[in-house]
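Undergrad: Could you have a look at this structure, given as structure tokens, before my questions?
The values are calculated or read from the model by the stated rules, or taken from the named source; none is laboratory data. Quantities reported herein were computed from a predicted structural model and do not represent experimental measurements. So basically every Cβ, Gly included, is an ideal-geometry build from the backbone, and we count neighbours across all protein chains shown. Ligands, DNA and RNA are excluded from the accessible area calculation, which covers all protein heavy atoms including side chains. Shrake-Rupley method; radii C 1.70, N 1.55, O 1.52, S 1.80 Å.
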Amino acid sequence: MSSKILIVNHKYLYDILNEISENINFKVINGLEENVDFKQLNNYLFLSTKKETNQNNELIITHFPVKIKKLIETININFLKKNYNLQSNIKVGEYELDLNSRILKVDGISLELTEMEANVILFFKNSNKAINIKELQKNVWGHVPDLETHTVETHIYRLRKKIKEKFQDSSFIKSTKNGYEIKKKK
């Protein structure tokens with residue numbers, strides 16, 4: 001996910017950041033000149049020198065002059081905070097997944113997950129189809145697809161068992177003829 005900074009009401013700031021754009025890790029967009037569709041922007045900050053909107057991702061710079069190094073540091077910190085918050089509340093069916101603490105929860109009940117278990121659930125959530133073992137080996141474990149191993153099946157089995165014991169839910173991860181998938185919200 002590429003981070004973007006949308007700058008409005010400050011042409012000089014846009015010009016400076018745009019000039020050093022190859023040395024920063026976010027894309028700079030001029031909010032006054034470019035036609036921006038906010039619905040298409042995923043990971044962005046709205047940078048302004050005055051209050052423009054009531055958006056959560058608004059970063060207002062009021063103290064000038066500002067050192068560019070300090071400004072870039074502030075922007076990066078705000079992106080980190082935004083990403084942390086986005087990873088704290090991921091809806092997976094009727095469950096909530098917190099990637100930061102690796103906890104799966106529903107109805108006040110929480111289950112601690114390993115990093116791999118959280119990655120598997122997130123991979124399932126981001127897929128619109130059943131995922132076969134070879135895809136999981138390649139995309140989650142980073143194994144060569146032709147590798148003969150039961151790692152995926154073992155992890156899925158243990159994850160299902162943990163979920164069943166904690167939530168009494170034996171159908172969260174379903175097996176289909178095409179692979180595994182997460183149960184959709186009721």
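Undergrad: Provide the gained length on full extension for the span GLU115 to LYS162, in nm with one decimal, where the gain is 0.36 nm per separating residue minus the Cα-Cα distance.
TA: Values: separation 47, 0.36 × 47 = 16.92 nm, distance 1.44 nm.
15.5 nm is the gain from fully extending GLU115 to LYS162.
Undergrad: Loop-only check: which GluC sites (Glu not before Pro) in segment 72-157 are DSSP coil with at most 15 other Cβ within 10 angstrom?
TA: GLU94, GLU148
Undergrad: Right, here's the next one. Expressed in nm to one decimal, what extension gain is obtained for the pair SER127 and ILE20 from 0.36 nm per residue of sequence separation less their Cα-Cα distance? It would help to have the intermediate numbers written out before the result.
TA: Working: separation 107, 0.36 × 107 = 38.52 nm, distance 3.63 nm.
Length gained, SER127 through ILE20: 34.9 nm.
Undergrad: With a Förster radius of 41 Å, plug the Cβ-Cβ distance of LYS138 and ASN85 into 1/(1 + (r/R0)^6) and report the FRET value to the nearest 0.05.
TA: For R0 = 41 Å, the calculated efficiency reads 0.85.
Undergrad: Using r as the Cβ-Cβ distance of ILE68 and SER170, and R0 as 41 Å, what FRET efficiency do you calculate, to the nearest 0.05?
TA: E(calc), rounded to 0.05, equals 0.15.
Undergrad: What is the sum of charges, Lys and Arg at +1 and Asp and Glu at -1, for the other residues whose Cβ falls under 14 Å from the Cβ of ILE109?
TA: On the way: positive: LYS105, LYS162, LYS164, LYS166; negative: GLU94, GLU96, ASP98, ASP107, GLU112, GLU165, ASP169.
Overall, the nearby charge balance is -3.
Undergrad: Here is a further query. What residues have an amide H closer than 5 Å to that of SER3, excluding those fewer than 5 places away on the same chain, when H is modeled at 1.01 Å from N in the peptide plane?
TA: Correct list: LYS27.
Undergrad: How many angstrom lie between the C-alpha centres of segment 62-131 and segment 163-186?
TA: So the two Cα centres are separated by 22 Å.
Undergrad: Would you rank SER127, SER171 by solvent-accessible area, highest first, keeping every protein chain in place and using a 1.4 Å probe?
TA: Final ranking, largest accessible area leading: SER171, SER127.
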